[in-house]
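The next block holds one structure in the form of structure tokens; read it before the comments.
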Amino acid sequence: MIKQLAHINIGSYDLTASEHFYCNILGMEKTFEFIKDGELYGFYAGAGNTTFVEVFIEKKEIGDTPTIMRHLCLEVEDLDAAIAEIRGKGWEITDKEFGCDNSWQAWITDPSGVQIELMQYTKESSQFTGKSCDVDW
């Protein structure tokens, strides 16, 4: 059912410093940006093939308990089939929704409370086109 890891999401206190680290220090390519209310909210950095690190601005102050990872995302071939299979096993999962990145997604929670996004890309997904996402969340 699972094809591969799609992306991980991490928080950043300083997007410029994070972009420098992931893109310049580690040599990852910035694939696209997230824009919220006209300002940079985050970015995707390619981690090989169709695997990414997603970095969002962290609103907590340094010294607060940091959000190390906001969620884990797993790419699936067929999201409808994955949803049906998961529900068939008695586990709760959201209905699929079309995201601002032009990809299909659904969400489940593991027994420890970790949020997991299941994602199915489309030909128009920002992960392939590099088109920025205007977010409203």
* **Alpha carbon Rg of the range 2-134, scaled by the compact-globule rule 2.2 N^0.38 Å** => 1.08
* Hey, rough spin-label estimate for Leu72 and Phe21, points 7 angstrom out along Cα→Cβ, what's it come to in nanometres? -> 2.1 nm
* Whole-Hz Karplus ³J(HN,Hα) for the range 25-36, in order, using 6.51 cos²θ - 1.76 cosθ + 1.60 and θ = phi - 60°, x for Gly and Pro? -> 6, 8, x, 7, 9, 6, 8, 6, 10, 9, 10, 10
* **Theoretical FRET efficiency, 1/(1+(r/R0)^6), r = Cβ-Cβ of Asp134 and Met1, R0 25 Å, to 0.05** => 0.20
* To do: Sort His71, His7 so that the residue with the fewest other Cβ atoms within 10 Å of its own Cβ comes first and the one with the most comes last.
  => His71, His7
* Structure fact -> Surrounding charge for Arg70, neighbours by C-beta under 11 angstrom, Lys/Arg +1, Asp/Glu -1, total -3
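Among DSSP bridges having both ends in the chain, what percentage is antiparallel? Round to the nearest 5. Before the final figure, lay out the partial values.
On the way: 25 of 38 bridges.
For the chain, the DSSP antiparallel bridge percentage is about 65.
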* Structure fact -> Applied in sequence order to the range 84-93, the curve 6.51 cos²θ - 1.76 cosθ + 1.60 (Karplus, θ = phi - 60°) yields integer Hz couplings, x standing for Gly and Pro, of 4, 5, 5, 5, x, 8, x, 9, 6, 8
* Rel. contact order, % - alpha carbon contacts under 8 angstrom, at least six apart, the chain -> 27 percent
* Within a Cβ distance under 14 Å of Asp80, other residues only, what is the Lys/Arg minus Asp/Glu net charge? -> -3
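Taking the Cα centre of the chain as origin, sum charge times position over the Cβ atoms of Lys and Arg (+1) and Asp and Glu (-1), and report the length of that vector in debye to the nearest 20. Before the final figure, lay out each step's value.
Values: 11 positive and 24 negative charges, 54 e Å.
The dipole of the chain has a size of about 260 debye.
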* Asked: Looking at the chain, which Cys residues are left with no other cysteine's beta carbon under 4.7 Å from theirs?
  -> Cys23, Cys73
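We did not get these values from a lab; they are worked out from the coordinates using the rules stated. Please read all numbers here as calculations on a predicted model, not as lab measurements. Neighbour counts are summed over all protein chains in view; Cβ atoms, including those assigned to glycine, are modelled from backbone coordinates with ideal geometry.
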